[in-house]
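Trainee: Quick one: the structure is below, and I'll ask about it shortly.
Where a number appears in this text, it was derived from the coordinates with a stated rule and is not lab data. Everything quoted here is computed from the prediction, not taken from an experiment. Cβ: placed from backbone, ideal geometry, glycine included. Neighbour counts: every protein chain shown.
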């Protein structure tokens, strides 16, 4: 997996998921936001890292007794130990939150190992404990039943779907308090840079609007005055 | 749009959405509660105002490039500038929260312009910022992707559907921490007055129940004693 | 209804719903977690009690005018007065949260009467008030419209479905911040005892993982060292 | 159960479900059409009979092994033997078609016993065989898995919900090629009579429209000419 | 409304909806297929015509008594009389098939008036009668209850959403046995011409495949031999 | 892939999917029926074959232009050429029928190559043409839009989910007019043999029921007389 440039990582941490979706939309990508997941612990801060994936299929009863975890090479446990530090663990749970994708112990292990976050389009068990950990975690809703009741872990680090988004290993996965966006690896640097610019402009606009200025001509900047004002604003703030 | 009587507005601010739905039910209206939306900022207080509407249709790709906002008469932007102070901006997003109905900048503009609130049966982007604004806002879930990915703003202030409720311009839109109810304009005064009475009685009942009294005979007031006690309670409290 | 052994009740209060679902899974029961409900007031603490049920069917308009509550034997009101202290009131609302299963007054009455909690697979009205009561309450989402708009209370204390789970009167109903699990009455004591053991082990594992230990060999305890360490850990903590 | 008047039964067989829903709407009943079920065998003709009901709850694994059918008093089997000739067997399957509500053998037994039809808001197994039987049957979709995988038969002939409609034992259940409507018992005679009248008028209108006449003034009959023409049409046809 | 060129109409009748969606995809339009509707009468042949639209909003009870149809200018009835011959009547029913969008009498009137078809993303009542009419009709499922129970007709011939597709008056609406696609007016001629070419090639491919030829190199035509063979095939058939 | 024993194949062709689900239920497997798919061409006869799978993930726009099919190794096309004769092609489309899983040309190619059938939990384009082919095909609903609009073919012959069922390459896939069941490879012979026995008994029961016999004691065979009668019936018919 190619390493994410540290400056790109810093840029992605400083912009919003909403802004990134707009940058991707401008490049023709409309479906990069993982639908219907939210952070358990918004206080854990923004999440940025390369995707490392786990794929579940439906559980067949005879293949998923409680004893499967005796096997050290069980894909769920193996994946948790192999996810690189700095990466985001992304789970394809087929949008089914009726059983757990993972629980507090595995999420703790990812945190201790230095992983950047975890995302599932299903749910986590031990959600209250996970909400207290210092690692960003995103899911649909709490899912106390063990994954064995519905999910069988199968593949590690293959391309998957998560919340209706294609996720390829190494894509940039960025999360904030609203949710998670997947930035294709080859676009990460360009999108990050553009998003930083957009964020400056939107911060300027937000200030102006709160001062009482109309959005017409301001947002987008169709009037000269807007561009002049924004240039001065940037200069004053050193952005 | 007829102006809402200030005293009616005050009455509506002092009663709950739940109580209003009961008043409407008594008049044969069963579907006035906007289903499956919730407030981003319950602390912003109750929301009361006349409906001012925006209608979206599905976005067709060629009609919705990022450049459409260059047009000052784009319906979304125009509507935000035209929504009267005191009115509630209600958006028909066809119950689709996969792309934004609006974001923090537009909601800020509505707030600064003195609008009473905003409701969509889709979702907002910049939800964390909106949650910090002093204007009530209701949606289904955060929706970072730009509206252009799925929604095209089309009509301003026409009758719409929102969360399975018919909303006509000028209807009273009332929100509290539970959600939003639409009170037909011609019923607003009568319903508000009745709701104030019901609220007094329910406050009395709540106190009695917490003291240990059975609900039988009390709620509803089928026993004489209840009516006597309530009369005394009102007198004591000046309600 | 057989009384729940007080020590079993204490044990169930000290373990998580997630752990209980695993104990049930080991006994072949995969569907005991009530899907898609959450607590209004996680601060109210854990909920444990025997199930006492109410069954709703769809409301037919002519049978559900506002006047039905004049009847002291209306099943909703009657059930609230009959639910035994210590029991959990479980409502089959056919997973429909578009109208209320109950409101703050009835939930207050249950609280005052000493009931252990209330669960519906629909929604409550007056949700903000209920969230302030000292009784655990679980629902899908706020539902201000009166139950008469969609639900007719019919049967008291019969077997029901709630959130896709079979609930028999007298089953143990256990809730925590994640949700609610139904433990068949005859399994309550055995499951509670096993869950206490599992909880001790998982607490030990959680500590070890946070210290940096790998989950392989630890969780589950496939290495001798794990079992030795756990034995020492228990001894040190007196668990 | 009160017997259905034979002439009412004949009238109900001669009108459409659509017409009956309009008659019920005029009486304030908006939700009597069982949503999302269709006939397996439209050729079996119209279905009219009193409701006889079966209620399922979710299946708990330990209570639903294959051996339960050894018990002659198992509610599903008992109900099939007890359903009166002329009655319609209506099953509350909680709108879950993932397992069977019944199969061809039980439906055959109902047919041989003279029952008037069967309706479930779930699905039947052996759907192709049922489609060849001379008894009207309505479901959502084929459901080969045995009911034991998801449904436990519990109550016989209690009020239920079916496809979001309240069904009371003894209500008139009427089906045609479009679906099934539930007519409250006390309204059956009046609704049947009115529907016969409406059907005559709609047959007249249909003929006129196919001849090229505008619907304005014709449907509804707001012009005198329409009423005159209809009177002549009825006379000519003896209706 | 600009008239559709007769030769374009003929071309559109001779190609499939599937082929048209591919032509639109090549132009960047991914969402022009009306999701989840099907023809009641596939035997009625292909449907081609300009869109003429009707917009429903949710019905409010007091505005939708049975008497509203006494008004000759009721939008539903007016629209049926105003839809131009050759046009397709497209109804925005908010994807809600629980009440009728129209019934056999209105569909008959459209047929007699020379309209080219009717599409709703809800359902029709009198579906069996409509299935026997010689006008293509598309819906989600039979919906016997009168529209008044859930839908209020509001706008005539405005842009709408139908089955998640944007429909503008004058767009080409094309239906076959699979469903309905909306071709933006300005693309109709170009798309029709391209679809005719694609159809010829796919007919050639289908023949070759049935003769046993591999799809590799054939579909798409990446081998010279394929192009040569196709040229000969066209010549032989005069296509 | 191990070859399916020809006699097992013959047995599976002679029993129903419903019967097979019961045999699997007796072995603890409750979720082997592929939910919500149906045959396009019930006349094509029963389908039996080993699973050969294709996995789709969501389509990312830049990776799925129309030109991808120029690549002879595109997984969709490659899979169609590699699926062994006698096998069933099973597609994981993530239960999304909004774009095609395959069309008539590819299905024709599978037929010509001797494959036993095709199943998707999405939809096919060219459904009317597929319905006329002599190969069993199962889907959710017609899906004219090209797969490129929503699905990217990724993996060939890996374990997948299809309609909420785990499908492993080599599992027996059996379809009839009701739908499709997945029989784990190691159970195929035993389940087939048991199903043949059950089918004989159910054929006997069906005959008896149509003659007027009660199901009590007959189905299941809890009376001696049933067993005696069945023995004679088998002897008479040589089954």
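Trainee: Once the label point is set 7 Å along the Cα-to-beta-carbon vector, what list of distances in nm do you get between residue F:14 and its counterparts in the other copies?
Mentor: Taking the point 7 Å beyond Cα along Cα→Cβ, the inter-copy spacings are 5.2, 5.2, 6.2, 7.6, 8.3 nm.
Trainee: What ranking do E:212-219, C:147-154 get when scored by the average of other Cβ atoms within 10 Å per residue, highest first?
Mentor: Taking the mean over residues of other Cβ atoms within 10 Å, the ranking is C:147-154, E:212-219.
Trainee: Additional query: Report the Stokes-Einstein translational diffusion coefficient (µm² s⁻¹, integer) for the range B:99-196, Rh taken as the Kirkwood radius over Cα pairs, at 4 °C with viscosity 1.567 mPa s.
Mentor: Stokes-Einstein gives a translational diffusion coefficient of 89 µm²/s.
Trainee: Which of C:67, B:222 has the fewest other C-beta atoms within 10 Å, and how do the rest follow up to the most?
Mentor: C:67, B:222
Trainee: Evaluate peptide A:13-26: per residue, the Cβ atoms of other protein chains within 10 Å of its Cβ; return the mean as an integer.
Mentor: 5
Trainee: Which FRET efficiency value, to the nearest 0.05, do you get for residue C:62 and residue C:134 by plugging their Cβ-Cβ distance into 1/(1 + (r/R0)^6) with R0 = 35 Å?
Mentor: 0.35
Trainee: So which residue of A has the beta-carbon closest to the axis that swings A onto F, and how many whole Å away?
Mentor: Residue with the nearest Cβ, plus whole-Å distance, for chain A: A:94, 4.
Trainee: Select from D:144, D:136, D:39 the residue whose mean-square fluctuation is largest in a Gaussian network model of chain D (Cα-Cα springs shorter than 10 Å).
Mentor: D:144
Trainee: I would also like to ask the following. Provide an ascending nm list, one decimal, of label-point separations from residue F:222 to the equivalent residue in each further copy; define each label point as 7 Å from Cα along Cα→Cβ.
Mentor: Spelled out, the distances from residue F:222's label point are 4.3, 4.7, 6.4, 6.4, 7.8 nm.
Trainee: A further question follows. If R0 is 25 Å, what FRET efficiency do you get for residue A:210 and residue A:26 from their C-beta distance, rounded to 0.05?
Mentor: Numbers: r = 26 Å, r/R0 = 1.06.
The pair residue A:210/residue A:26 has a calculated efficiency of 0.40.
Trainee: When a/c is below 1.5 the answer is rounded, else prolate if a/b is larger than b/c, else oblate, so apply that to the protein assembly as shown with a ≥ b ≥ c taken from the square roots of the Cα gyration tensor eigenvalues. Working shown, then result.
Mentor: On the way: a/c = 1.03, a/b = 1.03, b/c = 1.00.
It comes out rounded by the Cα gyration axes.
Trainee: Under 1.5 on a/c is rounded, so check that first for the range C:21-174, then, if it is not, pick prolate when a/b is larger than b/c and oblate when it is not; a ≥ b ≥ c are the square roots of the alpha carbon gyration tensor eigenvalues. Walk me through the numbers on the way to the answer.
Mentor: Numbers: a/c = 1.58, a/b = 1.38, b/c = 1.14.
Taking the square roots of the gyration eigenvalues as a ≥ b ≥ c, the range C:21-174 is prolate.
Trainee: Taking 0.36 nm per residue of sequence separation and subtracting the Cα-Cα distance, how much length would be gained by fully extending the chain between residue A:43 and residue A:13, in nm to one decimal?
Mentor: 9.4 nm
Trainee: Which value at 222 nm does chain C reach when only helices count, each DSSP H run of 4 or more adding -39,500 (n - 2.57), with the total divided by all residues and rounded to the nearest 500 deg cm²/dmol?
Mentor: So the calculated ellipticity at 222 nm is -10000 deg cm²/dmol.
Trainee: By count of other Cβ within 10 Å, fewest leading, how are E:198, D:47 ordered?
Mentor: E:198, D:47
Trainee: Would you list F:211, F:78, C:13 from fewest to most Cβ contacts within 10 Å?
Mentor: Values: F:211 8, F:78 17, C:13 14.
Least crowded to most crowded, the residues run F:211, C:13, F:78.
Trainee: Checking the a/c ratio against 1.5 first, then a/b against b/c, what shape does the Cα gyration tensor give for the range F:84-144?
Mentor: oblate
Trainee: Tell me, what does the Kirkwood hydrodynamic radius of the range F:21-106 come to in angstroms if you use every pair of distinct C-alpha atoms? Please report the intermediate quantities before stating the final value.
Mentor: Working: mean 1/r = 0.0641 Å⁻¹.
Across the range F:21-106, the inverse of the average 1/r is 15.6 Å.
Trainee: Between the range E:76-110 and the range B:118-136, what is the separation of their alpha carbon centroids in Å?
Mentor: After rounding, the separation between the Cα centres reads 37 Å.
Trainee: Here's another thing I want to ask about it. Note the angle between two axes, namely the Cα long axis of helix D:188-211 and the longest principal axis of the Cα atoms of chain D, as a number of degrees from 0 to 90, rounded to the nearest 10.
Mentor: 60 degrees
Trainee: A further question on this structure: Given springs between every Cα pair under 10 Å in a Gaussian network model of chain B, which of B:167, B:90, B:205 has the largest fluctuation?
Mentor: Maximum among the listed residues: B:205.
Trainee: Let me ask another. Please give the average number of partner chain Cβ atoms lying within 10 Å of the Cβ of each residue in A:180-188, rounded to a whole number.
Mentor: 1
Trainee: Which angle between 0 and 90 degrees, to the nearest 10, do you get for helix E:224-237 versus the longest principal axis of chain E when only C-alpha atoms count?
Mentor: Roughly 70 degrees between the two axes.
Trainee: Going 7 Å from the Cα of residue D:224 toward and past its Cβ, which residues in the range E:55-81 have a backbone nitrogen under 20 Å from where you end up?
Mentor: Label zone hits: E:70-72.
Trainee: Under the definition of Cα pairs under 8 Å and six or more residues apart, what whole-number percent is the relative contact order of the range F:98-160?
Mentor: 41 percent
Trainee: Which of these, B:100, B:189, B:206, has the largest mean-square fluctuation under a Gaussian network model of chain B (Cα springs below 10 Å)?
Mentor: Result for chain B, Cα springs under 10 Å: B:206 fluctuates most.
Trainee: Normalising by the residue count of the range E:49-104, find the relative contact order in percent from Cα pairs under 8 Å and 6+ residues apart.
Mentor: 56 percent
Trainee: Calculate the mean, over all residues of peptide C:155-168, of how many other protein chain Cβ atoms lie within 10 angstrom of the residue's Cβ.
Mentor: Taking the mean over all residues of the peptide, I get 4.
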